[in-house]
Amino acid sequence: MCGIVGVIGNKEAYNQVIAGLKLMEYRGYDSSGVATVFDGATHVRKSAGKISCLEDLLKNKPFSNSSEVAIGHTRWATHGEPIEKNAHPHQSTKCTVVHNGIIENYLDIRKNLQQKGITFSSDTDSETVPALITSFINNGLSPLEAVQKATKELKGAYALGIVFDDTNDTLIATRKAAPLVIGVGNGTNYIASDPMAIAAFTNKFIFLENNDIAVLTKDNITIYKPNGETVTRQTQILDMSGAMAGKAGYRHFMLKEMHEQPAVISETLQAYLNDNHTAPKMPEMPFNLAKVPHITLIACGTAFYAAMVTKNWIEEYAKIPVTIDVASEFRYRKAPMINGGLCIFVSQSGETADTLAALHYARSQNQHILSVVNSPNSSIARDSDVVLHTKAGQEIAVASTKAFTTQLALFALLSIEIAKLKGELTNNEVKELTHTLTELPAKLLSALDLSDAMEDMARKIMHANSAIYIGRGSLFTIALEGALKLKEISYIHAEGFAAGEMKHGPIALIDEGVPVITLAPYNDMFEKTISNMKEAEARRAQSILITDEKGAKELTDNKNRTVIVMPLVSDILQPIMFTLPVQMLSYHVAVLKGTDVDQPRNLAKSVTVE
């Protein structure tokens, strides 16, 4: 995911920025850049490729002066190809900006500004931000006032670092639904997407809240609310030597790990995409993916739900028959297996005993073995022919969040790869689907802004004895995952059902006040899913609908239900996107009930016994 670093108050500011950017290379990126202000102008250097390319550029084309303020960026392409003109920082005539996130209404903003004579040089949504701020400065507003007014017009998710052409003693930072932290130094202050990036310079951090606008000088930090009032945020001392295990200012590890999903999904995608992000790029395999006659997916718990979604993708795109099995049951029924088939084993830890035992059985049945794990040196990985490593990083909360969604992201790419090799997708279709996946991290950043709405929803169901989740297609699987998460950490009995199966028995569970959570993005099954939701409402269920912008517009009745509106995404992204709200709902219910969110009773992170 995109990374931001900013420094003010150090004569080697841009060198510190580059050092910080290097520490965020794990996020995955395709270009980088740095800007510094001197002689009444902002000077920018940026390059496609690795940070080493930017360093080479600075050697060949160094800044002619030093400055005490600089901002820098590593970019993961969403809008526009990963080429130099689309790299950050982006400039206008008054200010320069680095941006993490996505501006959803950028086309409207760009059109309005173009009508005023403002031109654009990139294909990005980000360039609209400095142009918009500049337009307000040209109307007589101060830099702070211009940023305040601009952020009120921006829709989507953003973390912004902003410098101004006519001053080298001010750095402005603001965020909404994208992480941004201030580092507090002695005569030097910092901003970053990740505290790790600036941990070498300070151990004092201020975590900005949504819509905060911070004005930094070398000696002062002033934080404003959107209405212009100043606000004080807590300064925290963090020992970053254990940063990977720390909560980084979050209340729980689960909350931290939910918020890490855009970044770790970005890194996972980066690891398995070709250089120009137009197709998957899988490691060399000792078997022909295009010729395997059958695929078996085996896993436990949440990883099994990743397998369920993957079955849908592989059968839809690659047209290969797929069987899915719970690892704890698989080997005991002595299932016959097609000679030369492919078995894929899914495990966060790579040490799950049931899954490892199933792998050994599959090996005895002359199956090719591929594992998807988050621990590349684990037992399952060592016993596999091919290992695909999810880049989730250490997941400490027992209830899996980022491990699950990185599995889904990786499986989406694998499904496209198999379909491409079998000739079931054209090159253009592969490119389109791949590009859609690259938009996922930014879309997830935007969805994180729904946390407050999910907390309100949690208050409505926290006292329930039982809850029901329903969905169709791959969203049926996410209904199962949502129910599992609620059971795991809040101890509320919950079940997930295929929406069309409600009339075949489960509808008997519904009486007045039972929460029914319907997952219904706008797709070819939307109308049928809504019909099933209304059947529950007719029996006085407490109805909660999670849909997207188009789905919300299609509903014209005034039924008394709670509606959560997600960003509109393509079908292949829907199961991953809709995982986030069910995670957030479970988290907030557990917090409100006072349970141990990170270590729920009776559960362990890695199940190493059968």
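Summary table below
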item	result
Residue match in the range 344-355 (condition: at pLDDT 90 or above, of a type outside the set (Lys, Arg) and under 23 Å from the mean Cα position of the chain (by Cα))	yes
Residue in the range 503-524 that is charged (D, E, K, R) and at pLDDT 90 or above present	yes
Filtered residues of the range 406-445 (kept if more than 16 Å from residue 77 (Cβ to Cβ) and not in a helix (DSSP H, G or I))	422, 423, 424, 425, 426
Any chance residue 187 is out of contact with any helix residue (DSSP H, G or I) (no Cβ under 7 Å at 6 or more places or on another chain) and farther than 21 Å from residue 73 by Cα	yes
Subset of the range 11-40 (residues that are over 25 Å from residue 164 (Cα atoms), open to solvent by 10 Å² or more (accessible area, probe 1.4 Å) and either in contact with a Pro (Cβ under 6 Å, 6 or more places away or on another chain) or of a type in the set (Ser, Thr, Tyr) (or both))	26, 30
Pairs, first of a type in the set (Gly, Ala, Ser) in the range 568-582, second part of a helix (DSSP H, G or I) and open to solvent by 10 Å² or more (accessible area, probe 1.4 Å), C-beta under 9 Å, six or more apart	570/432; 570/433; 570/436
First in the range 432-445 and open to solvent by less than 10 Å² (accessible area, probe 1.4 Å), second anywhere and of a type in the set (Phe, Trp, Tyr) and not in a helix (DSSP H, G or I), Cβ under 7 Å, 6 or more apart	441/76
Residue among 541, 552 that is surrounded by fewer than 19 Cβ atoms within 10 Å (Cβ to Cβ), over 23 Å from residue 259 (Cβ atoms) and of a type in the set (Gly, Ala, Ser)	552
Residues being over 28 Å from the mean Cα position of the chain (by Cα) and farther than 28 Å from residue 594 by Cβ - total across the range 488-509	9
Residues of the range 221-244 that turn out to be modelled with pLDDT under 90, open to solvent by less than 50 Å² (accessible area, probe 1.4 Å) and either assigned to a strand (DSSP E or B) or closer than 25 Å to residue 600 by Cβ (or both), as a count	3
Residue match in the range 384-391 (condition: surrounded by 21 or more Cβ atoms within 10 Å (Cβ to Cβ), out of contact with any strand residue (DSSP E or B) (no Cβ under 8 Å at 6 or more places or on another chain), of a type outside the set (Val, Ile, Thr) and at pLDDT 95 or above)	no
Residue match in the range 223-230 (condition: touching a residue at least 24 places away in the same chain (Cβ under 8 Å) and touching a Pro at 6+ places or on another chain (Cβ under 8 Å))	no
Out of 582, 563, sole residue that is closer than 27 Å to residue 254 by Cα and outside any helix (DSSP H, G or I)	563
Considering residues of the range 574-610 that are of a type in the set (S, T, N, Q) and open to solvent by 20 Å² or more (accessible area, probe 1.4 Å) only, the residue modelled with the lowest pLDDT	608
Hits in the range 111-131 - residues which are of a type outside the set (Gly, Ala, Ser), under 20 Å from residue 161 (Cα atoms) and surrounded by 18 or more Cβ atoms within 10 Å (Cβ to Cβ)	124, 125, 127, 128, 129, 130
Failed criterion for residue 399 (all others in (1) under 30 Å from residue 599 (Cα atoms); (2) open to solvent by 10 Å² or more (accessible area, probe 1.4 Å); (3) aliphatic (A, V, I, L, M); (4) modelled with pLDDT under 95 hold)	(2)
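Residues checked against (1) open to solvent by less than 20 Å² (accessible area, probe 1.4 Å); (2) in contact with a Ser or Thr (Cβ under 7 Å, 6 or more places away or on another chain):
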| position | (1), (2) |
| --- | --- |
| 275 | no, no |
| 281 | no, no |
| 286 | no, no |
| 289 | yes, no |
| 332 | no, no |
| 341 | yes, yes |
| 351 | no, yes |
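The values are calculated or read from the model by the stated rules, or taken from the named source; none is laboratory data. Just so you know, these numbers come straight off a predicted model, no measurement behind them. Ideal geometry is used to build each Cβ from the backbone, glycine not excepted, and the neighbour counts take in all protein chains shown. Note: accessible area is taken over every heavy atom of the protein model, side chains too, but ligands, DNA and RNA are not part of it. Shrake-Rupley method; radii C 1.70, N 1.55, O 1.52, S 1.80 Å.
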